[in-house]
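Have a look at the structure below before the remarks.
The values are calculated or read from the model by the stated rules, or taken from the named source; none is laboratory data. Not measured: the values here are computed from a predicted model. Every residue, glycine as well, gets a Cβ built from its backbone with ideal geometry; the counts of neighbours run over all protein chains shown.
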Amino acid sequence: MAYRIHILGAAGAGTTTLGKAMAERLGVAYFDSDFFYWQQTPDPFTVARPRDERIRLLQEQTAGLHSWVLSGSLCGWGDPMLPQFTHVVFLRLDAETRLHRLRLREVQRYGDEVLEGGNRHANSLAFLALAARYDDGNHSLRSLRRHETWLKALSCPVIRLDVRHHSVETLVGQLLERLRETSAQANSTSIRP
């Protein structure tokens, strides 16, 4: 069976970590939406690519592949990819844990630059403030409300995972089981008279 899996959730929920682990376990290609969304600049994650270019690059990379895993959010720009998804995985994690992970990630990526007085301090504070609004933000933001609305429009199975207190290995196992279940359900539905 082909698996073209899109994994999304709030920043810091672990979409990249789980996406890479799933792709490795399945032996398929892995893609991160940030690669397509953001231009590769000396100051990363600051200049967005034009929408049409993002879609073109993503479609070029996935074209001809039987299976793949894509992590990150496509809401607001990636709708041309929707018909390709066999499964969408929505990760949930409490805000406190997410924000802790994000603060650590900012320091790991940028070091002292995110500390007070550093060149990326203001950018880091703005990013963390935006990420903190995920649970109660409106549709104009990367928010729970926006993701839930987007998920309702999907025709493929949506698998929801609460990632708190679970190792990556456990989550991969849970996801593999859920993929098998939804694939079996789809097969039994398609062969009914």
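Below is a table of values for the structure above.
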quantity	calculated
Sole residue being modelled with pLDDT of 95 or more and surrounded by fewer than 14 Cβ atoms within 10 Å (Cβ to Cβ), chosen from Leu115, Leu91, Leu65, Leu70	Leu65
Selected residue (criterion: nearest to Leu176 (Cα to Cα)) from residues of the stretch 84-142 that are among the aromatic types (Phe, Trp, Tyr) and outside any helix (DSSP H, G or I)	Phe90
One residue from Glu60, Glu106, Glu53 being over 23 Å from Glu24 (Cα atoms), at pLDDT 95 or above and out of contact with any Cys (no Cβ under 6 Å at 6 or more places or on another chain)	Glu53
Residue satisfying all of: in the stretch 21-72; part of a strand (DSSP E or B) and touching a residue at least 40 places away in the same chain (Cβ under 8 Å); farthest from the chain's Cα centre (by Cα) among these	Ala29
Contacts under 8 angstrom Cβ, first residue in the stretch 131-151 being closer than 12 Å to Cys75 by Cβ, partner of a type in the set (Ser, Thr, Tyr) and at pLDDT 90 or above, 6 or more apart	His139/Thr149; Leu141/Tyr134; Arg142/Ser73; Arg142/Tyr134; Ser143/Tyr134; Leu144/Tyr134; His147/Ser73
Residue pairs meeting the criteria (Cβ under 8 Å; at least 6 apart or on separate chains; first touching a residue at least 12 places away in the same chain (Cβ under 8 Å) and closer than 20 Å to Lys20 by Cβ, in the stretch 156-171; second surrounded by fewer than 17 Cβ atoms within 10 Å (Cβ to Cβ) and of a type in the set (Asp, Glu))	Arg164/Asp94
